[in-house]
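These notes concern the structure reproduced below.
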Amino acid sequence: MKPALIDTDILSLFLRGEPAVVSRFAAYLQAFDRLNISIITYYEILSGLRYRDANKQLERFLELIHNNNLLPLTVDACGIAAMLYAGLRKQGNPIDDIDLLIAGIALENKLGIATRNVGHFNRVQGLTVEDWTKD
């Protein structure tokens, strides 16, 4: 297992108690002590929970964030994401901006990515991609 940035879809499945994902979180935390979560994923989860008025889940989420690494969107990460965007668009194989920003944060911090969205993230050269919904 390599150090990874947790993508929004995986964190969402964890918060819902998906057994395979919960198991991967436990194994990861034994190896690395803390999760890595991007500010983009923080926003996506936070906005969804606030929209649904899911206060109990919101408390649990904020506690999780407090006890782990929240990685910012930096100028360097934006530069990486912009280069990825240009390259993928020229190839005729673009992915959405949110995923590019998350990939930029992962690459800047020398992390792989834990995601169920393997199809998008496998297009990013140099990014190690793991599907945490699979054993």
How many of the residues in segment 21-55 are in contact with a strand residue (DSSP E or B) (Cβ under 9 Å, 6 or more places away or on another chain), surrounded by 14 or more Cβ atoms within 10 Å (Cβ to Cβ), without any contact (Cβ under 8 Å) to a residue 40 or more places away in the chain and not in a helix (DSSP H, G or I)? 2
What single numbered condition from (1) touching a residue at least 12 places away in the same chain (Cβ under 8 Å); (2) closer than 18 Å to residue 4 by Cβ; (3) under 15 Å from the mean Cα position of the chain (by Cα); (4) surrounded by fewer than 18 Cβ atoms within 10 Å (Cβ to Cβ) fails to hold for residue 114? (4)
With respect to residue 133, is the statement that it is β-branched (Val, Ile, Thr) and over 11 Å from the mean Cα position of the chain (by Cα) true? yes
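Sort through 109, 117, 55, 68 and tell me the only one that's at pLDDT 95 or above and within 22 Å of residue 17 (Cβ to Cβ). Before the answer, list the steps.
Working: 109 fails: within 22 Å of residue 17 (Cβ to Cβ); 117 fails: at pLDDT 95 or above; 55 fails: at pLDDT 95 or above.
From the options 109, 117, 55, 68, the qualifying one is 68.
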Between residues in segment 84-99 that are without any contact (Cβ under 8 Å) to a residue 12 or more places away in the chain and residues that are surrounded by 14 or more Cβ atoms within 10 Å (Cβ to Cβ) and in a helix (DSSP H, G or I), which pairs lie under 8 Å by C-beta distance while being six or more apart or on different chains? 94/85; 94/88
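Report, by residue number, each residue of segment 100-111 that is assigned to a loop (DSSP other than H, G, I, E, B) and buried (at least 20 other Cβ atoms within 10 Å of the Cβ). Walk me through how you get there before you give the answer.
Of all residues in segment 100-111, those assigned to a loop (DSSP other than H, G, I, E, B) come to 109-111.
Result: 111, single match.
Kindly indicate which of 40, 113 is of a type in the set (A, V, I, L, M, F, W, C), within 16 Å of residue 12 (Cβ to Cβ) and touching a Phe, Trp or Tyr at 6+ places or on another chain (Cβ under 6 Å). Let's see the steps before the verdict.
Details: 40 fails: touching a Phe, Trp or Tyr at 6+ places or on another chain (Cβ under 6 Å).
Result: 113 is the single residue among 40, 113 that is of a type in the set (A, V, I, L, M, F, W, C), within 16 Å of residue 12 (Cβ to Cβ) and touching a Phe, Trp or Tyr at 6+ places or on another chain (Cβ under 6 Å).
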Checked 62, 73 against criteria (not in a helix (DSSP H, G or I) and not polar (S, T, N, Q)); the one match is 73
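The values are calculated or read from the model by the stated rules, or taken from the named source; none is laboratory data. Here the structure is a predicted model, which means the values were calculated and not measured. Heads up, the Cβs are rebuilt from the backbone with ideal geometry, glycines too, and the neighbour counts pull from every protein chain shown.
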